[in-house]
Amino acid sequence: MASTILVTGTDTGVGKTQVAVALVHALRAEGLRVGVMKPVASGCQRSAGGLRNDDAQALIEASGRDLPYAEVNPYAFEPPIAPHLAARAAGVAIDPAVLDAAYRRLAADCQVMVVEGAGGWRVPLSATLSFADWVSAHRWPVLLVVGLRLGCLNHAALSADAIAQRTPLLGWIANRLPPEQPEWAANVDTLQELLGAPPLACLAPADGAGSRLDPNVIKALLSRVQVAV
Ligand SMILES: Nc1ncnc2c1ncn2[C@@H]1O[C@H](COP(=O)(O)OP(=O)(O)OP(=O)(O)O)[C@@H](O)[C@H]1O
Ligand SMILES: [Mg+2]
């Protein structure tokens, strides 16, 4: 069974996919067989094969494998709204057993699973389940992506506290989202104080080729996550 790294963020649009894709590439560069999941996605496009989500497709492409879409993204919704509202509008109840079954099938055939959250840590999936509940039930280690924008200090501190109460917080990544904040470096320093640890990486605004993660960062991550090689 695979080890799992759960990628969450301080908000929607902060770079979770950017980081998750970079992570998948870096793990593959270490010779690892990687599986991916974007369990719940709204804002999907219609296609001949059904609803498709850009994040799920980017993750599949990064994995370099022909992973079954329906297992990577078991819940896909068209309107770009909160997942529990999109599910309700579609007459669907998001069932953690369905997420678990898809996860198990993918995890059976890889060494590391990279799972991207929807929105932020506490996003509701239904009236009785949040994304945090599902992840915490498995005790998966979490990587927190902090998008360096105004408001991120509060979002990061709250997210890190909430994650650490329920499951291991592997670390955080500072993402210098465009448009770049003038005080980004001072914010990284403040985040380091608030979160009690330096960032595992600080991603520069990508030049179109995507972000890269240093192999040393990956080695540090792997030493904290038990990976059967
Ligand atoms: N370091 C970066 N450099 C340049 N562009 C970036 C960087 N990080 C993120 N972006 C861009 O910002 C946007 C949001 O990033 P991304 O899609 O990774 O966020 P997300 O947290 O996965 O969002 P969602 O909640 O929709 O899943 C994307 O257009 C992405 O290409
Ligand atoms: Mg995303």
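Lys/Arg Cβ at +1, Asp/Glu Cβ at -1, dipole of the chain taken about the Cα centre: which of Ala76, Thr12, Val217 is farthest positive-ward?
Ala76
According to a simple spin-label model (label point 7 Å from Cα along Cα-to-Cβ), what is the distance in nm between Glu78 and Arg166?
Placing both labels 7 Å beyond Cα along the Cβ direction yields 3.1 nm.
Under 1.5 on a/c is rounded, so check that first for region 1-50, then, if it is not, pick prolate when a/b is larger than b/c and oblate when it is not; a ≥ b ≥ c are the square roots of the alpha carbon gyration tensor eigenvalues.
oblate
Roughly what % of DSSP beta bridges within the chain run antiparallel, to the nearest 5?
15 percent
How would region 46-153 be classified by its alpha-carbon gyration tensor: rounded, prolate or oblate, with rounded meaning a/c under 1.5 and the a/b versus b/c comparison settling the rest?
rounded
Along the Cα-to-Cβ line of Glu193, 7 Å from the Cα, sits a label point; which residues in region 141-181 have backbone N less than 15 Å from it?
What the label zone holds, given the 15 Å backbone N cut-off, is 153-154, 157.
Please state the shape class of region 116-202: rounded when a/c is under 1.5, otherwise prolate if a/b exceeds b/c and oblate if not, all from the C-alpha gyration tensor. Don't skip to the end; give the middle numbers.
Numbers: a/c = 2.40, a/b = 1.74, b/c = 1.38.
Note, shape of region 116-202 comes out prolate.
In whole Hz, with x marking every Gly and Pro, tabulate ³J(HN,Hα) for region 21-38 from phi via Karplus 6.51 cos²θ - 1.76 cosθ + 1.60, θ = phi - 60°.
5, 4, 5, 4, 4, 5, 5, 5, 5, 7, x, 8, 8, 10, x, 9, 8, 10
With only Lys, Arg, Asp and Glu charged, each at its Cβ (+1 for the first two, -1 for the last two), find how big the charge dipole of region 20-106 is about the Cα centre; round to the nearest 20 debye. Could you put the intermediate results ahead of the total?
Numbers: 9 positive and 9 negative charges, 18 e Å.
It works out to roughly 80 debye.
Just how far, in whole angstrom, is region 163-181 from region 21-53 if you go by their alpha carbon centroids?
The distance from the Cα centre of region 21-53 to that of region 163-181 comes to 20 Å.
Measure out, as a whole number of angstrom, how far apart the alpha-carbon centroids of region 69-102 and region 187-213 sit.
Here the answer is 31 Å between Cα centres.
How big is the Rg/Rh ratio for the chain, C-alpha atoms only, Rh by Kirkwood, two decimals?
On the Cα set of the chain, Rg over Rh gives 0.94.
Summing -39500 (n - 2.57) over the DSSP H runs of n ≥ 4 in the chain and dividing by its residue number, what mean residue ellipticity at 222 nm do you reach, to the nearest 500 deg cm²/dmol?
Computed ellipticity for the chain at 222 nm equals -12000 deg cm²/dmol.
Quick note: the coordinates plus some simple rules give every number you see, no bench work behind them. Predicted model, so just to flag it, every value in this text is computed and none were measured. As a convention, Cβ positions derive from the backbone with ideal geometry for all residues, glycine included, and neighbour counts pool all protein chains shown.
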